[in-house]
Each structure stands twice: as C-alpha cells, then as structure tokens.
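A.B. asks: Before anything else, here's the structure in question.
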Amino acid sequence: MANRTSKKRSDAAAIPHGLTREQLLEMYRLARLTRALEEKLELLFKQSKIVGGLFRSLGQEGESVATAYALRRRDDGTGDVLSPLIRNLGSMLTVGTRPVEVVRQYMAKGDSLARGKELNIHITDLDRGFIGQISPLGDLVPVMAGVALTFKQRGEDRVGMVYIGDGATSTGAFHEGVNFAAVQRLPLVVVVENNGWAYTTPTRMQTAAKSFVDKAPGYGIAGERVDGNDMLACYGASKRAVDRARAGEGASLIEVTTYRRKGHAQHDNQSYVDPAEIAQWESTNDPIDRFVKALQESRWATADELREIDAAIDRELDEAVAEAERSPLPDAEEARTEVTGDGPVNAPWFRHTPPDPAKA
C-alpha cells in the first residue's frame, strides 16, 4: 500500500507557484472552513442568535483565501497587513482569525474581539495583521495606503492588501487611495472583487469600463485580471503583486472575476437575479469544487485526505459554536469603554510592545 502511495505521489503533476502539497491542503482547508463556518452562522442567524446582519461569501471563498495566502503571516505585529471587506472572511481565517472568535463577534459576546460593540468581521488585530472594515465602502483604500506608507517610511519589509468591491471602485476614496499609493510607490495590493453586483446594481450599470484592471494603467501601476474561481490562478496573481510590492516596485491592482451567489446580505432574497444564472455558476464554476478537481486530477491529494480535513473542520466548528454560546454577554459598563470621553479605557489588547522592525 505504501509503495502504491509513493508511486501516486511520484506521478503527481508539478505544483505551480512554488507551493507545496502541504500548502495546497492548507488552502483547501481554509476555503472549506470559510464555507462551513458561514453555513453555521446562517443556522445561528435563523435561530435569532446572531445580532445584526449576516453576509455570505458563497462562491467567493476561493479568491479570498488564495489572495491572502500570498501574504507573510505572523502573530507578533511584524507581518503583512490586510483589510477585508464583507465577503472576505476567508482572508481573515487565512491570517489567523479563529472560528470561535468569528462566532463570538456575530453573537455580540462580551469576550468577542470587539467586546460586543461591533459585529461580524468589523474587528482589528494588528498583531495578526488585519484591520477591520468600515461601512463607508472604499474608505479603507486610503487608510491602507497610509498603513503601507508607514512600512515604507520605517523601512519595514511589509506589504498591505485591501479588498474592494466592484461598486466601491466608483467612490472618490478608491481613486484617492490608489492614486496616492501609485505616486508614492507604496507596497500595497488592491484586490477588486468583480462579482457582478453592487448590492442590487449590476456592474454594467455602474461603470462603462470593460474591466476594472483597465484602470491600473491610468494610475501608472501594475494590473492583472484573474479568474476569481480558480484558486491557484488567484494565488499566482497575488504572489506576483506581493513580490513586486516587497521589491519596492509599488502598488498593484488585481481584478478577480467571480460571482455572488447569495444576496447582498441574509435579508436580501435576490429577487432581481435570474435563478438560472445563479444555478449555472453553482454547477459549473464553484471555486471549491474546481480546486478539489485540480487536487485529485493532478494527484496532489486523495479523496480520503480531503474527507479527513472536512471531518476535522466539522468537529472544530461544533466546538467553536458551543464555546461561543457559553460565552457571557457584555457587562453593562462595557458600553462606555472607549466610546465616551469620560468613560473608562481598556488597555490595548492587540499590542503590548512595539514591533521590532528588524524582525520584519
């Protein structure tokens, strides 16, 4: 049996982009974890255990995980930094967010990262390298340009990555942020997720551009358009952009073409979308199904290995939900911390000592 396994591995196709088999399995685990966690959250939402809205990334998990996977991940405040958007839970799991932390956030628990004052993935941890989104879409582009500017000024070998939807590219903040990053040659990667919809507005009704990557030359930066449902292609494009940024070659724009198979949020029934269109994307262009097919056809993984990963994810999420449900609600006094000028201030939980630039 061992000999047959060895022969299978020796017959495997070459893995692209310098990845290893173990990394491919990790990417699969993260994409599957993203989808399974969101499915758990949807059940909790239907049970009225979630506070606020729920935003699914169904059909977009692959690009979110694969682009973030190209970043340098650390937990001491010296790694790369990303800022996700509402459909980028996968990117946060990739850089180290734990499922139980996500569930606590959605349930507004007292021991959540925001201690009940913010919801879903509006959370920040500078040690692990993620800055929580803000609701005015597009505004994180200039914020992340500023973050990348600090890397350049301090001489730190670090890269920023910011996600933005196709609709938010029409905002002034997007233009200002990308233009600033371009002029200053900042180590910033801007990922434009072209999923066909800006809430209920189709892409064709909010821009006359044939593709968003066409905007890159106007800013004088590198641009690349990639199939957002091909995880390996997304990783390759992201790795090239991150490497350019780390080499001092400035900002890049990546357009990932994908599809939003759920409404804008859980309350949106998608009545404005042709159901046949959604079904076609589900049946022929699911990012996880395509990745599984590539793993098995290229002999990078076996069906048994993938089933073992799936089973481990199910156990992890069952434990995460149970732990989050046991968590306490926020204390009443917590409502005043770091909100009013005369209120108590919590010690920063995300950084206790300044990062050492020499470790970057």
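The values are calculated or read from the model by the stated rules, or taken from the named source; none is laboratory data. This one's a predicted model, so the numbers in the text were calculated from it and none came from an experiment. Virtual Cβ from ideal backbone geometry, glycine too; neighbours counted across all protein chains shown.
A.B. asks: Which condition breaks for Arg72 when tested against (1) more than 30 Å from Gln280 (Cα to Cα); (2) surrounded by fewer than 20 Cβ atoms within 10 Å (Cβ to Cβ); (3) over 15 Å from the mean Cα position of the chain (by Cα)?
C.D. replies: Going through the list (1) more than 30 Å from Gln280 (Cα to Cα); (2) surrounded by fewer than 20 Cβ atoms within 10 Å (Cβ to Cβ); (3) over 15 Å from the mean Cα position of the chain (by Cα), Arg72 breaks only (3).
A.B. asks: Now, a different point. Can you tell me which residues in region 116-149 are small (Gly, Ala, Ser) and either assigned to a helix (DSSP H, G or I) or within 25 Å of Thr337 (Cβ to Cβ) (or both)? Show your work before the answer.
C.D. replies: Residues of region 116-149 small (Gly, Ala, Ser): 116, 129, 132, 135, 138, 145-146, 148.
Correct list: Gly116, Gly129, Gly132, Ser135, Ala145, Gly146, Ala148.
A.B. asks: Being buried (at least 22 other Cβ atoms within 10 Å of the Cβ) and hydroxyl-bearing (Ser, Thr, Tyr) is the filter; apply it to region 206-258 and report the residue that is farthest from Arg87 (Cα to Cα).
C.D. replies: Among them, the one singled out is Ser252.
A.B. asks: Here is a check on your reading of the model: is Arg185 modelled with pLDDT of 90 or more, not in a loop (DSSP other than H, G, I, E, B) and not β-branched (Val, Ile, Thr)?
C.D. replies: On the way: modelled with pLDDT of 90 or more: yes; not in a loop (DSSP other than H, G, I, E, B): no; not β-branched (Val, Ile, Thr): yes.
Against the criterion (modelled with pLDDT of 90 or more, not in a loop (DSSP other than H, G, I, E, B) and not β-branched (Val, Ile, Thr)), Arg185 does not qualify.
A.B. asks: Additional query: Mind checking which residues of region 271-283 are under 23 Å from the mean Cα position of the chain (by Cα) and either loosely packed, with under 14 Cβ neighbours inside 10 Å or not charged (D, E, K, R) (or both)?
C.D. replies: Let us first name the residues in region 271-283 that are under 23 Å from the mean Cα position of the chain (by Cα), namely 278, 281-282.
Answer for region 271-283, where residues must be under 23 Å from the mean Cα position of the chain (by Cα) and either loosely packed, with under 14 Cβ neighbours inside 10 Å or not charged (D, E, K, R) (or both): Ile278, Trp281.
A.B. asks: Scan region 43-50 and give yes if some residue there is among the small types (Gly, Ala, Ser), over 18 Å from Tyr163 (Cβ atoms) and free of Cβ contacts under 8 Å to residues at least 24 places away in the same chain, otherwise no. Steps first, please.
C.D. replies: Our first condition is that a residue be among the small types (Gly, Ala, Ser); within region 43-50, this holds for 48.
With the extra rule that they be over 18 Å from Tyr163 (Cβ atoms), the set shrinks to 48.
Narrowing further to those that are free of Cβ contacts under 8 Å to residues at least 24 places away in the same chain: 48.
Checked region 43-50: at least one residue is among the small types (Gly, Ala, Ser), over 18 Å from Tyr163 (Cβ atoms) and free of Cβ contacts under 8 Å to residues at least 24 places away in the same chain.
A.B. asks: Please enumerate the residues belonging to region 208-254 that are outside any loop (DSSP other than H, G, I, E, B), under 20 Å from Asp157 (Cβ atoms), in contact (Cβ under 8 Å) with a residue 40 or more places away in the chain and among the small types (Gly, Ala, Ser).
C.D. replies: Passing the criteria: Ser238, Ala241, Ala245, Ser252.
A.B. asks: Spot the failing condition for Glu176; the list is (1) touching a residue at least 60 places away in the same chain (Cβ under 8 Å); (2) surrounded by fewer than 21 Cβ atoms within 10 Å (Cβ to Cβ); (3) under 14 Å from Val141 (Cα atoms); (4) among the charged types (D, E, K, R), and only one is missed.
C.D. replies: Glu176 satisfies all of (1) touching a residue at least 60 places away in the same chain (Cβ under 8 Å); (2) surrounded by fewer than 21 Cβ atoms within 10 Å (Cβ to Cβ); (3) under 14 Å from Val141 (Cα atoms); (4) among the charged types (D, E, K, R) except (1).
Conditions (1) within 30 Å of Leu186 (Cβ to Cβ); (2) assigned to a helix (DSSP H, G or I); (3) touching a residue at least 24 places away in the same chain (Cβ under 8 Å), marked per residue:
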{"site": "Val256", "(1), (2), (3)": "yes, no, yes"}
{"site": "Ser271", "(1), (2), (3)": "no, no, no"}
{"site": "Asp289", "(1), (2), (3)": "no, yes, no"}
{"site": "Arg299", "(1), (2), (3)": "no, no, yes"}
{"site": "Arg315", "(1), (2), (3)": "no, yes, no"}
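A.B. asks: In addition: Any residue at all in region 192-204 that's buried (at least 24 other Cβ atoms within 10 Å of the Cβ) and either out of contact with any His (no Cβ under 6 Å at 6 or more places or on another chain) or of a type in the set (S, T, N, Q) (or both)?
C.D. replies: Pass one, region 192-204, residues buried (at least 24 other Cβ atoms within 10 Å of the Cβ): 192-193.
Adding the requirement that they be either out of contact with any His (no Cβ under 6 Å at 6 or more places or on another chain) or of a type in the set (S, T, N, Q) (or both) leaves 192-193.
Yes: one or more hits.
A.B. asks: For region 150-170, give me each residue that is part of a loop (DSSP other than H, G, I, E, B) and modelled with pLDDT under 95. It would help to see each step written out before you state the result.
C.D. replies: Here is the first cut: in region 150-170, the residues part of a loop (DSSP other than H, G, I, E, B) are 155-159, 166.
Asp166 - this is the single residue of region 150-170 that is part of a loop (DSSP other than H, G, I, E, B) and modelled with pLDDT under 95.
A.B. asks: Another question, if that's okay. Kindly evaluate Leu82 against the criterion of being of a type in the set (A, V, I, L, M), buried (at least 24 other Cβ atoms within 10 Å of the Cβ) and not in a helix (DSSP H, G or I). First the steps, then the outcome.
C.D. replies: Numbers: of a type in the set (A, V, I, L, M): yes; buried (at least 24 other Cβ atoms within 10 Å of the Cβ): yes; not in a helix (DSSP H, G or I): yes.
The answer is yes for Leu82.
A.B. asks: Sort out which residues of region 62-81 are aliphatic (A, V, I, L, M) and more than 14 Å from Lys239 (Cα to Cα), and write them in order of number.
C.D. replies: Filtering region 62-81 for residues aliphatic (A, V, I, L, M) gives 65-66, 68, 70-71, 81.
Of everything in region 62-81, just one residue is aliphatic (A, V, I, L, M) and more than 14 Å from Lys239 (Cα to Cα), namely Val81.
A.B. asks: For Ala36, work out the one condition from (1) modelled with pLDDT under 95; (2) outside any loop (DSSP other than H, G, I, E, B) it doesn't fulfil.
C.D. replies: For Ala36, the exception is condition (1).
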